Structures are given as C-alpha cells and as structure tokens.
Amino acid sequence: MPWNVREHAGRHYAVALHYALHDDAWSVELREAAPVPATGGTDATVTHLPGAAFLTTLVPDEDPAAEPTVRVHSPEEHVVPYEITRRCTEQTADQVERCRKARPVNRPTADQTGACAPCRHPQLPLPAVRRTS
C-alpha cells in the first residue's frame, strides 16, 4: 500500500492508496501518521507510518457508472487542516479520472436526466393533485 506523508503544524498525515477487492474499488484513505518505532529494521527514508483511516473514498473501477463514495470512520473528532484535506481530495480526483479513462461510460447529460442545468439536481415530477369536495 503506497502512501505519502504530509506535515502540518507538527502533525503528520498520510494519504494511502490501495485496491479494496471486496468493494471492487480503489480506496484513497486519509490517516494520521505516527513516527516509525526505533527498531532499526525499517527503511531509513521512512520516518512515519500511516495509522487507522478516518476518511476513506472508494473509487469504483469495475462499474463505470458507479459514483465514488466517502466514508468517515471516527469515534472521536478529527480536526484536519485545509491543505491536508485539499491534497487528499486532489489525489481522489486523480484516481477517479484514471478509473473513468480506463472504463469510459456514456453518462447522461442534464437534459437526458431531467436535472436543472445550473445545479444538476434532478427535477422530480410533481404528483397529480386531486381535488376533494
């Protein structure tokens, strides 16, 4: 599982990427990173290891029509700096783009789905109103 570590205000965060086979999706995970224990058996260039994920984005690659989903895993509150969140979001967007290029799908346009053009929210048909006397 490759990851990259970013430091912000003395705290370290890792963005990890791996394939989640049970979800048929790439998983981009934001994790807090901890210093490598001083055991002497690790690569000297690795200074921090990713901990448990607290934000996971699943990017499906088997079903090109499936949309990415975000999961938040946290029994406690995490305050994440904007720059760290932005970097994680950029890496997620890159992964979505790679998956969509690999398996293109004809996505419906707003006109085909009945969505309003400015906001892309679906416009649901209103039910017929019945008068009661």
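Note on ARG11/GLU90: beta-carbon distance plugged into 1/(1 + (r/R0)^6) with R0 of 30 Å gives a FRET efficiency of 0.95. Residues whose amide H falls under 5 Å from that of ARG71, counting only those 5 or more places apart or on a different chain, are THR56, THR57, LEU58, with hydrogens built in the peptide plane. The fraction of Cα-Cα pairs per 10 angstrom bin, counted from 0 for the range 3-113, comes to 13, 38, 29, 15, 4, 1, 0 percent, rounded to whole percents.
No lab work stands behind these numbers, since they all come straight from the coordinates. What you see is a predicted model; the values in this text were computed from it and never measured. Virtual Cβ from ideal backbone geometry, glycine too; neighbours counted across all protein chains shown.
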